[in-house]
1. Per the 1.4 Å probe, what fraction of the accessible area of segment 1-155, in percent, lies on carbon and sulfur atoms?
2. Net charge near R18, counting Lys/Arg +1 and Asp/Glu -1 over other residues with Cβ under 11 Å of its Cβ?
3. Which value in deg cm²/dmol, rounded to the nearest 500, describes the helix-derived mean residue ellipticity at 222 nm for the chain, given -39,500 (n - 2.57) per DSSP H run of n ≥ 4 and division by the residue count?
4. Need one value: the accessible area of D112 in square angstrom, 1.4 angstrom probe, rounded to the nearest 10.
5. Under 16 Å from the Cα of K74, which aspartates and glutamates turn up, not counting those fewer than eight places away in the same chain?
6. Any idea of the accessible area per residue across the chain, 1.4 Å probe, to the nearest Å²?
7. Within segment 48-146, which trypsin sites (Lys or Arg not before Pro) sit in a loop by DSSP and count at most 14 neighbouring Cβ atoms inside 10 Å?
8. Using only the alpha-carbon atoms of the chain, report the extent along each of the three principal axes, biggest first, to the nearest angstrom.
Amino acid sequence: EKGSDQQKRFEALLDQYRGTQGATIPVLQQAQEIFGYLPKDALLRISKELDVPISKVYGVVTFYSQFHLEPRGKHIIRSCQGTACHVRGAKLVLEALHDKLGLKEGKRTTEDGMFTLETVACIGACALAPCLMVDDETHGRLTPEKAAEIVDQYKKA
């Protein structure tokens, strides 16, 4: 009964903060911890219970990169698109990842919920360009082929 446990925790969270001024961000953070992302119905409830317009709640969620409106994969792949990586072929690496993961235009998480692919402006490992991170591990000096092999390693793990 994962769903009902999540719902109980969410109700307790709302009870704790109901009517509290300035609680939007902490409530969103804790709701995301409960659900793994911020479902639409949770945002509507937060808006109602905190008496904050839904437009304002949505504005906060879309402003801060820590918030996610869709379920995320078990592994988060961050593909660097910074200048050093770009010059050394990051676009081809990203295309290879899209193909390998079977992600169609606009989709960021695989059907099986295993991977979420994001692009980032810089990982800070420019000497290893082009590079990517999977969860907290950095992988550098990539080719499209190496990027696909890295995905296979995480599938096996």
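1. Carbon and sulfur together cover 52 percent of it.
2. Values: positive: R45, K48; negative: E11, D15, E49, D51.
Charge balance near R18 sits at -2.
3. Working: 7 runs with 79 residues, N = 157.
For the chain, the value works out to -15500 deg cm²/dmol.
4. That residue has around 110 Å² of solvent-accessible surface.
5. E33, E111, D112, E118, D135, D136, E137, D152
6. Result: 60 Å² per residue.
7. K74, K104, K107, R141
8. Here the spans come out as 52, 34, 26 Å, largest first.
The values are calculated or read from the model by the stated rules, or taken from the named source; none is laboratory data. Treat the numbers as computed from the prediction; the structure is a model and nothing was measured. Here Cβ is always computed from backbone atoms with ideal geometry, including for glycine, and neighbour counts include all displayed protein chains. These accessible areas exclude ligands, DNA and RNA; they are computed on the full protein's heavy atoms, side chains included. Shrake-Rupley method; radii C 1.70, N 1.55, O 1.52, S 1.80 Å.
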